[in-house]
Amino acid sequence: LHASRSAATVLRIETALAQASMTQVEQRDPDSTYHLTRLADLQRMTPALSWTAWFNGLGLVGVTEINVAQPKFLRTVDSLIARAPLAEWRTYFRWQLLTKSAALLSSPFVAENFRFKSGILTGVTEQRPRWKRCLDRTDEALGEILGQAYVRQRFTPEAKARALEMVHNIQAEFRRRLAALAWMSDATKAKAYTKLDAIINKIGYPDHWRDYSALELGPGSFLANAHRAAEFESARDFRKIGKPLDRTEWGMSPPTVNAYYNPNINEIVFPAGIMQPPFFDPDADDAVNYGGMGGVIGHELTHGFDDEGRKFDARGNLSAWWSDEDAKEFTDRADVVVRQFDGYTAIDTLHVNGRLTLGENIADLGGLTIAYAAFRRTLEGKPEPAPIDSFSADQRFFLAWAQVFRSATRPEFSRLLATLDPHAPDQLRIIGPLSNLPEFARAFGCKAGDAMVRSEAERANIW
């Protein structure tokens, strides 16, 4: 009975907070989540919250202003604090502590946490081996120590040089395509060149490794070690306040199989972990590597010019550097992408949200288009590569892109992703951009009216 009452309390508070939150789509607009607020004004906005006590409790002194990403949410928190009994808040925070710590506790907690978060929500039926879970925790807490070991064993200087060459080639191709755009004015193009040329390229691993010497870990409580690691990381973040931005810092550890674009720094980052098949193979030809890793490089580069990234300037500041006419032209072209993906079904009758996935879909389309053009440029003055396993060079390029996103997803997880994930389902990340490319149609002999050929009126074309 007590557990049921506690669960009802938690659900009531969580529901109120969720209803006060911006939607996933609304949060994608950086203009809507930037509200720089002085501390005195913040205190007037939320009188039930003592912000001075909050910052002092965190050891932060001298904070005078803060970005309030979601003012409505904070006002709702304030109203809940004013009217909800203290006992309910104790219940709520006890649940928060338990749910965030469950995976680090004894087997009954771990099993129940897995049953709900993995079983019910995503359909997974079997817990991963303990060594893999421990490896994830090590990467989370000591990513750049683990990264040093990974780089020594798995990432060669030759791989880094090859990746950097691809980045430069794809960046140069983007610049050429910018110059040829008929829909963008020269004034906006000039600022786009400045931003493109200012992008920081990070390949493999940081130039300077993080110092973990002040972090005390030891045998005993796994939970205590995890908490100390989290506190160490929070303290490291807090020390950045009021200091110049460190543009050398990495947001992913070297073993991570992923990549990212950071609009606030204007950087593209490719950890060593992604420099392996199916993304990159040192023994494969350029067609395969440009279709895989090249498409990823182009994807991250294009994020700097998608519907979110285009609002940040060369230094990573939110800035209106587009003319009104060019911004409207971009929006009209982006709306074609929205309509295309709105028309796809993620699973059963649940459709893809074209607005939620717009940034990633623009990056897929632009990245693939630019990577293909860069690949073809590497062949200038050379004979056309011979077929391999009966596939032409162009076909191998597009097949490599498909292999990058080849996956199997459980129905429960597909439904969850369709609601929350800013990426379209993997199958549609293959089909969607390829169906807009005449080069793909030519490579595989597709004709007008075929399923993988969009009509000229429906074809998306931005970068």
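The values are calculated or read from the model by the stated rules, or taken from the named source; none is laboratory data. All figures in this text were calculated on a predicted structure; none of them were measured in a lab. Positions of Cβ are generated from backbone atoms using ideal geometry, with glycine treated the same way; all protein chains shown enter the neighbour counts. Protein only, heavy atoms only, side chains kept; ligands, DNA and RNA dropped before computing areas. Shrake-Rupley method; radii C 1.70, N 1.55, O 1.52, S 1.80 Å.
Numbers below:
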read-out	value
Cα-derived Rg to Rh of the range 352-463, Kirkwood definition	1.00
Nonlocal amide H pairs with TYR260, under 5 Å, H built at 1.01 Å	VAL269
Within the chain: Cβ-based charge dipole about Cα centre, in debye rounded to nearest 20 (Lys, Arg +1; Asp, Glu -1)	1220
Gap separating the Cα centres of the range 295-354 and the range 63-108, nearest whole Å	33
Student exercise, the range 31-138 dipole from Lys, Arg, Asp, Glu Cβ charges, in Debye to nearest 20	400
Inverse mean reciprocal Cα-Cα distance (Kirkwood Rh) of the range 67-181, Å	19.9
Positive-end extreme of charge dipole, the range 379-456 - chosen from GLN427, LEU399, THR409 (charges on Cβ)	THR409
The chain - Rg and Dmax from Cα coordinates, angstrom	24.4, 78
Cα centre as origin, Lys/Arg/Asp/Glu Cβ charges: the range 210-255 dipole, Debye	140
Dipole of the range 152-209 [Lys/Arg +1, Asp/Glu -1 at C-beta], most positive-end residue of SER185, GLN153, ASN169	GLN153
HN-Hα J in Hz across the range 241-256 - Karplus 6.51, -1.76, 1.60, θ = phi - 60°, x for Gly and Pro	4, x, 10, x, 5, 8, 7, 9, 5, 9, x, 9, 7, x, x, 5
Which of ALA3, VAL288, THR194, positive extreme of dipole for the chain (C-beta unit charges)	ALA3
For the range 255-306: accessible area per residue (Å², 1.4 Å)	24
Over the chain: helical MRE at 222 nm, DSSP H runs n ≥ 4 each giving -39500 (n - 2.57), nearest 500	-16500 deg cm²/dmol
Within the chain, percent of DSSP bridges classed antiparallel, to nearest 5	65
Inter-centroid distance (Cα atoms) of the range 377-406 relative to the range 131-199, Å	22
All-pairs Cα distance distribution in the range 213-365, expressed in whole percent, bin size 5 Å	2, 8, 11, 13, 15, 14, 14, 11, 8, 4, 1, 0, 0
3J(HN,Hα) from dihedral phi, the range 371-378, Karplus parametrisation 6.51/-1.76/1.60, rounded to Hz, x for glycine, proline	5, 5, 4, 5, 4, 4, 5, 5
Inter-label distance for LYS243 and GLU126, nm, one decimal - labels placed 7 Å from Cα along Cα-to-Cβ	4.6
The range 170-183 - phi-based ³J(HN,Hα) in whole Hz, Karplus 6.51/-1.76/1.60, Gly and Pro as x	6, 5, 5, 5, 4, 4, 4, 5, 4, 4, 8, 5, 7, 8
Gain upon complete extension [GLU216, ALA198; 0.36 nm per residue less C-alpha separation]	2.6 nm
